[in-house]
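Just below is one structure, and these are the notes that go with it.
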Amino acid sequence: MNFDFTKASEACVKCGKCVPSCTIHKINSDEVTSPRGFLELVGAHQRGELELDKNAKDIFEKCFLCTTCVSICPTSLPTDLAIENIRFKIAEKFGIAWFKKVYFFLLRHRKVMDFSFSFISVFLPVLFKIDREAQSMKPRLSLPFVDKRVFPLLNRKSFLQKHKGYIKNNPDTKKIALFVGCFSNYHYTKTADSLLEILKALKINVFIPPKQHCCGAPAFFTGDFKTVDKLIKQNVEYFETFIDDIDAIIIPEATCAAMIKEDWGRFMQEQPQWSKRVAKITSKVFMASEWLYAKTNILEYLKSIHVENKKSVTYHDPCHARKVLKIFKEPRALLAENYNLIEMSDPNQCCGFGGVTIQSEKFELAKKAAKPKVEMIKQTKAKILSAECGACRMQLSNALDKDGAEVVFSHPLELIAKAIQENKKN
Ligand code: SF4
Ligand code: SF4
């Protein structure tokens, strides 16, 4: 990618509209860690006035890439792209931490990842307390880096190892494809299982492409552009083998959907051949709630379900869903049919997940950013928190557990599938 830091920096008129809502500025109120400050610094670097030393690395790694600033800025300045590109330069200079290299290697090699996770999962009960219902696990010991956090459950068999190929729910030849995303493939498999149950209830044929790869989001946010390039090209070449035979590719994860719909095209801008191929694929990509809401009779179906004593749910807007893809009314409309939806004071405020670096080397920032979110969730008195995103789930499940709040997380698709199942029982 060839990003023009000077152009982005000079376009910032320093109005400061983005500053009060910036996730990092709220917890570290220093001008350098604000969208305006980041843009000033990338411009200074381009002019040769700022060396990318360890201090600069530390500053640029503090951005949560929540895109709040982009959604607020009157000219939608791409602070997120500026950060991703400066992180690429930093990664070129300093290299990438060993554990991230291992993780990105696994993301590029699905079979090795499947084998490794399956192997590790055998020993998990020794080291972790497992909660299968919540699909989470907690270390038995407090270790540096691990800090008795709630982690997403690592399953012995991934979703794609259990399900692949064509599932015929209807005599029609029409079908959609499912891109599962790594969180729903390896950890929160109930999310993807729930989507299959919903598609079965709606009698929609589904193809689960067995050779799909990670969308590349974790590597993109960390500046590992070689991994991103490889993953996009692998996926595009594979998706082209079936794209003409399907109506849509649906994704139950906000981050993967935003990465594919928005960032694949931006990443490939200087490779016009690939850019065209990406555009063809992404024209058929939808978030699961978006597609179910707009293209199926799911609302009628859910209306026909009678639920006694609707449970209260509060919905958190993942940044990649609401700010990037403008998806927020769809999951609410689907949930509201069978649940009592209670809005928190600011559902659009970032949960503070922040990506691989913030969740590992800078976890203190993630903890601070989650606190106001936990408070607003508790104020609703809802016992269920929902969001169409595995990253928000990991971050908020951990923060709620640390707080002692009795709130469980459930993906909207899991809640919808549960309503359908309970209706069948009655
Ligand atoms: S992406 Fe989020 S954390 Fe980063 S500068 Fe913008 S608002 Fe702040
Ligand atoms: S809102 Fe846009 S123009 Fe104003 S300070 Fe922020 S980035 Fe600059």
statement: Residue hits (segment 157-203; in contact (Cβ under 8 Å) with a residue 40 or more places away in the chain, among the aliphatic types (A, V, I, L, M) and buried (at least 18 other Cβ atoms within 10 Å of the Cβ)) are Leu160, Ile176, Ala177, Leu178, Val180, Ala192, Leu195, Ile198, Ala201
query: Of the conditions (1) crowded, with 21+ Cβ neighbours inside 10 Å; (2) out of contact with any helix residue (DSSP H, G or I) (no Cβ under 9 Å at 6 or more places or on another chain), Gly48 fails just one. Which one is it?
result: (1)
query: What's the number of the condition Phe99 fails, among (1) within 11 Å of ligand 2 (Cβ to nearest atom); (2) not in a loop (DSSP other than H, G, I, E, B)?
result: (1)
message: Give me the residue from segment 303-314 that is of a type in the set (Val, Ile, Thr) and part of a loop (DSSP other than H, G, I, E, B) and, out of that set, modelled with the highest pLDDT.
response: Ile305
message: Filter segment 146-167 down to the residues that are basic (Lys, Arg) and over 23 Å from Pro209 (Cβ atoms) and list them by number.
response: Lys148, Arg149
- line: Scanning segment 274-294 for residues that are without any contact (Cβ under 8 Å) to a residue 60 or more places away in the chain and among the β-branched types (Val, Ile, Thr) gives Val278, Ile281, Thr282
task: Evaluate segment 227-238: report whether one residue or more is without any contact (Cβ under 8 Å) to a residue 12 or more places away in the chain and under 30 Å from Ile83 (Cβ atoms).
output: yes
query: Does at least one position in segment 60-78 carry a residue that is within 16 Å of ligand 1 (Cβ to nearest atom), farther than 30 Å from Tyr186 by Cα, of a type in the set (Ser, Thr, Tyr) and in a helix (DSSP H, G or I)?
result: yes
query: Quick check, is His25 more than 30 Å from Tyr186 (Cβ to Cβ), away from ligand 1 (no atom under 13 Å from the Cβ) and either of a type outside the set (Ser, Thr, Tyr) or over 23 Å from the mean Cα position of the chain (by Cα) (or both)?
result: no
- request: Scan segment 268-298 for residues that are hydrophobic (A, V, I, L, M, F, W, C) and more than 18 Å from the chain's Cα centre (by Cα) and report the count.
  value: 8
- line: Checked Val374, Val408 against criteria (under 20 Å from Leu195 (Cβ atoms) and within 20 Å of the chain's Cα centre (by Cα)); the one match is Val408
- request: Report yes if some residue within segment 132-145 is surrounded by 14 or more Cβ atoms within 10 Å (Cβ to Cβ) and either assigned by TED's automatic domain parsing to the domain that holds Ile358 or free of Cβ contacts under 8 Å to residues at least 24 places away in the same chain (or both); otherwise report no.
  value: yes
query: Where residues in segment 64-93 are closer than 22 Å to Pro347 by Cβ and either aliphatic (A, V, I, L, M) or free of Cβ contacts under 8 Å to residues at least 40 places away in the same chain (or both), which of them is farthest from ligand 2 (Cβ to nearest atom)?
result: Leu65
- prompt: Taking segment 375-393 as the search range and keeping residues that are crowded, with 23+ Cβ neighbours inside 10 Å and of a type in the set (A, V, I, L, M), which one is nearest to Lys310 (Cα to Cα)?
  reply: Leu385
task: Could you grab me the full set of residues in segment 384-414 that are within 19 Å of Asn185 (Cα to Cα) and touching a Lys or Arg at 6+ places or on another chain (Cβ under 6 Å)?
output: Phe409, Glu414
query: If you go through segment 262-280 one residue at a time, how many are surrounded by fewer than 20 Cβ atoms within 10 Å (Cβ to Cβ) and under 25 Å from His187 (Cβ atoms)?
result: 1
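The values are calculated or read from the model by the stated rules, or taken from the named source; none is laboratory data. Keep in mind the model is a prediction, meaning the values are calculated, not measured. Note that we place each Cβ from the backbone using ideal geometry, even for glycine, and neighbour counts take in every protein chain shown.
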